[in-house]
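The values are calculated or read from the model by the stated rules, or taken from the named source; none is laboratory data. Not measured: the values here are computed from a predicted model. Positions of Cβ are backbone-derived with ideal geometry, glycine not excepted, and every protein chain shown enters the neighbour counts.
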Amino acid sequence: MLESLQNEQVKFVASLQRRKVRDETQLYVIEGWRFVEEAVHRNAPLKKVYVSSKRNPSDWESLREGLLARNIPFEETDDRVLRKMCSTEEPQGILAVVQQIKYTWEDVVLDKGSVFLILDGVQDPGNLGTILRTALAAGVRYICLTSGTVDVYNPKVLRSTMGAIFSLVILSNLSPDDVLVFCQEKGLRVFMGDTKGRVLYQANLKNGPLALLVGNEGNGPSRSFRNADVERVTIPMAQSVESLNVAMAAGILLYEIVRQRDFL
C-alpha cells in the first residue's frame with residue numbers, strides 16, 4: 001500500500017497534472033469511480049489504478065474483476081497520498097493513469113454519413129469537454145483540434161467529457177491549413193458557424209460526409225478558415241441576443257445535422 005507522500009511513484013503521478021509532463025510521458029490521469037469504470041468498459045489503455053485503502057473491497061468487486069481480466073495493475077493508497085495525486089480538492093477515492101493515443105490522418109476513415117468536427121482555438125476546458133461528449137452523442141467519431149485549443153488531457157476537459165474521450169478519434173495541434181488541405185482532398189464540404197452566415201435550418205446538411213467547424217469563444221474561427229471557401233451557417237436568435245456559448249452552439253449545429261439525416 002502506498003503511504004508515503006515522498007514515494008517516487010506518488011510524485012510521478014502528481015506531476016501528470018502538468019501539461020509539460022503529460023506531453024513528455026504521453027500519459028494522463030483520470031479521477032472518480034464512474035470515470036474509471038467507463039475507461040474499463042471502453043477498453044481504454046489504462047496503465048495503473050490507485051484506490052483508497054478505506055474503500056470496502058466489496059464496493060468495487062466488479063471493477064476489480066474487470067481490472068484483473070485485463071491484467072491492469074492496481075494498488076491501495078492512503079487517502080493523503082491519493083489527495084496529492086489528484087487535481088480535485090475532494091477525491092472520490094480512485095484514480096487511474098492512462099496512456100495517450102496519438103492518432104494521425106490515416107486513422108480518419110470517412111463514409112457518406114461521417115461528420116468531421118473541427119474545433120479551432122476553443123480555450124475553455126469545460127467547453128471542450130462538453131463539446132466532445134455532445135459530439136459522441138450526436139454520432140461523431142472524428143475530431144481535430146487546431147493549435148491553440150486547450151489540452152484535451154487537461155483534468156477539467158477530461159471530467160467534462162464523462163468518458164467520451166475513450167470512444168473518439170482526436171487529432172491535436174493541427175494547423176488550419178493542414179485541416180483545410182485534408183478536407184479538400186477528401187471532398188468534404190466545410191460548414192462554419194458564423195453570425196453572418198445563412199440560417200442553419202436552410203442549409204442542406206443531408207448529403208455525403210461533411211466537416212463542421214466551430215471557432216474560438218471570443219474571436220471565432222482563425223483567419224485561415226475565414227478566408228477559405230467554406231459554407232457559413234448561423235443559428236437564428238431572438239431578443240437581440242448576439243451569441244451563444246460555444247458548447248451550446250456546437251450542440252445545436254450537430255443536432256441539426258442529426259435531424260436532417262435522421263440517423264439516431
When restricted to LEU128, LEU117, the only residue closer than 20 Å to ASN216 by Cβ, within 9 Å of the chain's Cα centre (by Cα), aliphatic (A, V, I, L, M) and not assigned by TED's automatic domain parsing to the domain that holds PHE35 is LEU128
Checked the stretch 186-228 for anything assigned to a strand (DSSP E or B) and of a type in the set (A, V, I, L, M, F, W, C); matches are VAL190, PHE191, MET192, VAL199, LEU210, ALA211, LEU212, LEU213, VAL214
Answer yes or no: is there a residue in the stretch 233-256 that is part of a loop (DSSP other than H, G, I, E, B), without any contact (Cβ under 8 Å) to a residue 24 or more places away in the chain and closer than 21 Å to TYR142 by Cβ.
no
Qualifying residues in the stretch 59-77 (those that are more than 26 Å from the chain's Cα centre (by Cα) and surrounded by 18 or more Cβ atoms within 10 Å (Cβ to Cβ)) - the one farthest from VAL98 (Cα to Cα)
TRP60
Within the stretch 116-134, residues under 15 Å from ALA164 (Cβ atoms) and in contact with a Phe, Trp or Tyr (Cβ under 9 Å, 6 or more places away or on another chain) come out as LEU117, THR134
Criterion first (closer than 30 Å to VAL21 by Cα and either more than 24 Å from the chain's Cα centre (by Cα) or surrounded by fewer than 17 Cβ atoms within 10 Å (Cβ to Cβ) (or both)) does VAL152 satisfy it?
no
Within the stretch 89-140, the count of residues that are touching a residue at least 60 places away in the same chain (Cβ under 8 Å) and not in a helix (DSSP H, G or I) comes to 32
For residues in the stretch 9-58 being more than 19 Å from the chain's Cα centre (by Cα), in a loop (DSSP other than H, G, I, E, B) and of a type in the set (S, T, N, Q), which is nearest to SER87 (Cα to Cα)?
SER53
